[in-house]
Amino acid sequence: MSTTAAIIPLLALFLFTAAAAAAAQYPPPHLYQSDQIFPQKSSAPVQSPAGIPRRLTFSDEEKDYLRQKKEIRMCVDPDWMPLEKIENGRHVGMTADYIRILEEVIGIPIVMVPTTTWNESIALAKARRCDIYSLAMPTPERRTYMDFTRPYLSIPLPLVLAARNDTPFIDDISVITNQKIGIVKGYAFNETLRQRYPKMQIVDVPTVREGLKMVAKGEIFGLIETLATVGYTIQKNFVGELKVAGKFDERWELGIGARNDEPLLTRIFDRAIASIDPATHQQILNNWIAVRFEQKPNYTLLLQLALLILVGVAMLLIRNHTLSKYNQQLARQNQEITRQSEKLKHTAQLLQFTQHAVDNCAFPIVWAKNALQPQQTKIIHANQAALRMLDYSQAEIQQLTLSDLDLNLNQQTWNERLREMRTSTSFSQTTSYRCRHGRQLPVEIYLNYFEYRNQAYHFVFFQDISRQQEMENKLNRSMKMEAIGLMAGGVAHDLNNILSGIISYPKLMLMQLPRNSPLRKPIKAILEAGQRAAAMVADMLTVTRGVAAAKEILNVNHFIIDFLDSAEIRACKANYPLVELSTELADDLLAIKCSSTHLRKCLLNLVLNAFEAIQGPGHITLTTTNYFNRKAVAENNFLKSGEYIQLAIQDSGTGISATDKAHIFEPFYSKKIMGRSGTGLGLTVVWNSIHDHQGEILVDSDNQGTTFRIYLPATRESPSPGPTDRETAFNETPKELFGNQETILIVDDEKLQRDIAAALLRSLNYQILAADSGEDGIRLLEKNKVDLVLLDMIMDPGLNGRETSEKMRARQPRLRILVASGFSQNEEVEKILAQGQAALFASPTASDSSEAPF
């Protein structure tokens with residue numbers, strides 16, 4: 001050891017001893033040894049002094065309370081020496097001595113509730129599993145569930161900062177805002193310091209010992225605690241590692257905290273604390289805090305120390321003069337080494353940050369070492385996202401070349417990529433990558449070229465575009481079907497007008513013929529033929545996604561049960577006796593708002609297809625369940641988030657090929673014999689009907705069978721009453737349909753429609769006015785008293801339904817209007833309905849209910 005190294009600690013010791021000796025001439029009443037509190041635990045229990053008060057005399061109310069209480073449950077800080085702790089299941093420390101005295105004064109047992117941390121004690125007190133805190137200081141938060149007695153410990157108890165030995169002393173702890181400072185969670189000064197110093201980075205620690213361990217490991221800068229507790233714990237567990245590096249001067253007023261829902265408890269303990277005399281307080285303090293007194297300075301020692309210091313200084317000067325030039329040279333070399341080391345450390349840190357960011361980036365990245373041929377262009381690295389997406393390990397992907405990975409890469413495309421990479425910073429392409437098990441993944445790639453030590457490389461950012469392509473295909477299919485639907489809708493609208501006569505006149509005739517008329521049978525045959533034609537027209541109108549239909553609140557389970565008892569399903573069961581049809585219906589299924597006609601048509605198409613798909617024995621299962629959609633729109637077939645019901649039709653048939661699956665919802669795409677088992681519109685009707693209800697239909701199929709899953713928006717409204725039994729083969733006309741000579745104005749540009757409606761309404765005892773245009777209808781309204789207007793929505797040329805309605809309302813604001821349309825409610829219809837005193841109904845051939853218009 002050098003002379004300097006030997007003298008410096010000796011010099012420091014001498015200076016400290018001298019200062020202590022000088023200061024001891026006028027010592028304070030209690031001077032803690034070396035400015036710290038060192039606990040000196042007595043080997044024997046504390047003896048109760050003669051001055052311990054006798055048991056208190058309580059009021060009758062207090063006696064009754066203590067008699068019912070029987071014992072007082074106490075929570076303590078299990079690690080706060082020398083004040084208190086839990087050791088081998090026993091409560092020890094200064095507070096334990098006080099509690100023994102208070103227990104004797106009050107006269108009932110005080111039972112400690114074992115805990116491992118102060119925070120656990122707080123939780124038990126809040127839960128009323130502890131009646132008192134043995135030692136606590138009031139804070140605003142604690143006063144919400146505790147009252148506090150007068151303090152029984154009121155001592156200067158400075159808060160200190162415990163830090164590592166290499167930390168310089170800090171005069172003002174509050175200026176430390178860039179370091180983490182630990183404080184035991186739940187302590188009063190934790191709350192106080194957070195409020196007083198909001199910029200301080202305070203970290204909660206479970207106990208004093210755990211907090212000091214975190215300081216020793218460098219996880220936090222320091223721990224704020226009382227001087228007594230820090231001194232005690234460092235002396236026992238961290239000698240040579242930690243020290244006191246700063247302090248706050250505080251006076252702590254500590255008393256009993258008692259649950260505030262039993263105020264008598266606070267009053268009893270307050271009286272008990274008041275009965276303890278000063279001698280008892282001093283004896284407890286003396287048993288746990290060691291004190292040292294110096295009566296007078298030792299001037300001889302001071303003189304000896306001064307001489308010794310002078311000798312040491314002289315030796316240091318000689319030695320320093322000899323080493324000065326070497327120290328200067330070493331200092332310059334050390335500065336350069338430090339500068340280079342810091343630069344290297346900074347560079348290594350940047351590389352580590354960059355590597356971490358790239359490897360953990362959510363965007364897949366692959367690096368490749370370029371060669372003239374793609375078969376020789378080796379993949380040298382891939383980040384974690386790329387490995388997960390392609391299902392390779394790092395070792396496996398580094399065995400591949402670029403041509404192994406990129407299915408569309410050949411020599412020509414590689415040459416084009418090389419030219420493009422050299423001339424631009426980055427560019428993108430679409431291609432397909434081969435995953436580990438042969439699966440093809442469509443991707444969009446972004447390439448970036450760079451050189452390092454005369455070797456060309458490139459890296460590829462890529463993203464999975466399979467979902468995007470699926471959505472594009474879905475959008476294209478939807479647009480295609482919409483275009484086909486518009487064309488079909490135009491044809492269907494004209495056919496609808498023609499068929500209205502074929503259907504309506506037989507209905508009118510049946511209403512007027514007696515039940516035993518021989519003409520009823522042929523007229524019914526005409527009607528049924530017209531209805532079959534109308535059903536096809538209705539399918540074509542449904543394809544347009546614009547057919548009018550009344551929507552009602554339905555319980556799908558009840559609907560399915562009724563549906564399975566229909567004539568069509570009974571016929572299927574008879575034709576396919578080896579096929580079992582079963583249901584699995586959710587008991588708590590929500591209701592839906594839909595057109596029962598269209599829902600029945602969808603179910604019938606899907607169930608008939610399921611029967612026809614099974615060759616021999618098999619089964620069909622109809623399942624319902626509630627479904628809540630939380631996924632993003634584009635990730636779940638454009639379904640909005642919210643509540644849905646899921647209706648699944650599952651069969652054990654031969655399945656649908658991938659080629660057919662891509663086209664099954666297109667009009668007239670069918671494997672059936674046209675005209676015998678289908679029209680080619682069945683699944684198209686299903687697709688359009690479901691989407692017209694803001695729902696979705698998905699298909700899963702393999703050689704084990706096919707499952708169609710229908711999602712329809714659910715409602716919390718109560719279901720509508722079940723359908724009434726309408727034996728409306730027009731054997732009889734319901735009495736409620738007959739009028740009382742009210743006047744109805746019919747406005748329709750189609751003469752056939754006007755004539756049919758007029759004849760039908762006259763037969764029901766109404767007076768009829770007919771107009772072939774909106775303008776003619778307005779003129780008739782001005783000249784006649786009209787009770788109801790039956791208004792066609794689509795009229796050309798001249799005013800349409802909405803414009804006619806507005807002009808009529810301007811003349812008669814309370815006029816009632818029925819709007820007739822074969823298409824669904826649109827913006828024009830909405831404007832009419834918004835005026836009030838108006839309703840929409842489907843034209844007769846678009847509705848199963850012939851009474852609907854009336």
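The values are calculated or read from the model by the stated rules, or taken from the named source; none is laboratory data. Just so you know, these numbers come straight off a predicted model, no measurement behind them. Here the Cβ is made from the backbone with ideal geometry for all residues, glycine too, and neighbour counts use every protein chain on show. Quick note on the areas: whole protein, heavy atoms, side chains included, nothing else; ligands and nucleic acids left out. Shrake-Rupley method; radii C 1.70, N 1.55, O 1.52, S 1.80 Å.
Points to keep in mind about this one:
- Sequence ranges 804-810, 351-357, 159-165, 172-178, ranked by mean other-Cβ count within 10 angstrom, highest first: 159-165, 804-810, 172-178, 351-357
- Straight-distance crosslink candidates among lysines, where the alpha carbon sits under 23 Å from residue 474 and sequence neighbours closer than 8 are dropped: 631, 640, 661, 671
- Shape of the stretch 359-468, Cα gyration tensor, a/c cut at 1.5: rounded
- Ranking by accessible area, most exposed first, for 788, 603 with a 1.4 Å probe: 788, 603
- Heavy-atom accessible area order for 413, 229, largest first, 1.4 Å probe: 413, 229
- Label separation (residue 363 vs residue 346): 2.8 nm, computed from points 7 Å beyond Cα along the C-beta direction.
- Gain on full stretching of the segment that runs from residue 277 to residue 393 - 0.36 nm per residue minus C-alpha separation: 34.0 nm
- Lysines whose Cα lies under 29 Å from that of residue 69, excluding same-chain neighbours fewer than 8 positions away: 85, 126
- Ranked by how many other beta carbons lie within 10 Å on average, peptides 780-787, 270-277, 401-408, 433-440 from highest: 401-408, 270-277, 780-787, 433-440
- Size of charge dipole - the stretch 159-247 - debye, nearest 20, with Cβ of Lys, Arg +1 and Asp, Glu -1, no other charges: 100 debye
- Along the stretch 391-407 the Karplus relation, 6.51 cos²θ - 1.76 cosθ + 1.60 evaluated at θ = phi - 60°, assigns HN-Hα couplings of 6, 10, 8, 4, 5, 5, 6, 6, 8, 9, 9, 5, 5, 5, 8, 8, 6 Hz to successive residues, with x for each Gly and Pro.
- Ranking 141, 717 by solvent-accessible area of protein heavy atoms (1.4 Å probe, all protein chains present), from largest to smallest, gives 717, 141.
- Sequence-distant aspartates and glutamates (8 or more away, or on other chains) whose Cα lies within less than 14 Å of residue 751: 494, 772, 776, 792, 796
- Of 185/217; 63/185; 185/247; 593/831; 785/831, pairs whose Cα-Cα distance is over 29 Å: 63/185
- The stretch 391-448 shape via C-alpha gyration tensor axes, a/c threshold 1.5: prolate
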